[in-house]
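All remarks here apply to the structure that follows.
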């Protein structure tokens, strides 16, 4: 049966732009890999992406692109960042729809949040292949991995008098999942999804 003609100006699913968030690893942290957000925005716009916005200085870029292959899109962005800033910057992509699903899952619903509580999501470049038993708790009980949802690791850090030692408990993330990961606070994830 022949298809009905498309209405003028309509876009097929193959050409409709998808909303993405690019999470850049390790920029503007401790004085290393300093990048101005205006320059970062320009680099993404130079790739032809639309509605480009940066959020905070930790390397969160919201944009729209017609490319649906996340792996190809990630490589394209990483090449452009190398060209624009002269340094290797790893990128983890999520669609805005995926972030909304993560919010709907509400992984921290059972956590009692105090001024010493920190909620994190670590974004992996692929699916998890951990050998850890999840949920995981650090030896000093300050750091917990609650769950892994696809490639998103949801964790809780409770700061104490030895807060620097507590922070080091998060080193298990890189040891277990590799260096090409990047971590954001739950509040930042909410903002990136448009729910902050």
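Observations on the model:
- Search result, residues across the stretch 151-191 that are outside any strand (DSSP E or B) and touching a helix residue (DSSP H, G or I) at 6+ places or on another chain (Cβ under 8 Å): 159, 160, 181, 189, 190
- Looking across 181, 172, 134, one residue alone is farther than 30 Å from residue 78 by Cα and modelled with pLDDT of 90 or more. It is 134.
- Considering the conditions (1) assigned to a strand (DSSP E or B); (2) within 11 Å of the chain's Cα centre (by Cα); (3) not assigned by TED's automatic domain parsing to the domain that holds residue 59, residue 94 is excluded by exactly one of them, (3).
- For the stretch 46-76, a tally of residues being farther than 16 Å from residue 27 by Cβ, part of a loop (DSSP other than H, G, I, E, B) and under 15 Å from the mean Cα position of the chain (by Cα) returns 0.
- For the stretch 14-41, the set of residues classified as assigned to a strand (DSSP E or B) and free of Cβ contacts under 8 Å to residues at least 60 places away in the same chain consists of 29, 32, listed by residue number.
- Test for residue 68: is it in contact with a strand residue (DSSP E or B) (Cβ under 7 Å, 6 or more places away or on another chain), assigned by TED's automatic domain parsing to the domain that holds residue 28 and surrounded by fewer than 17 Cβ atoms within 10 Å (Cβ to Cβ): yes
- If the condition is being in contact with a strand residue (DSSP E or B) (Cβ under 9 Å, 6 or more places away or on another chain) and either crowded, with 21+ Cβ neighbours inside 10 Å or over 15 Å from residue 185 (Cβ atoms) (or both), then the stretch 139-148 contributes 141, 142, 143, 144, 145, 147, 148.
The values are calculated or read from the model by the stated rules, or taken from the named source; none is laboratory data. As the structure is a prediction and not an experimental result, all values here were calculated from the model. FYI the Cβ positions are ideal-geometry reconstructions off the backbone, even for glycines, and counts take in every protein chain you see.
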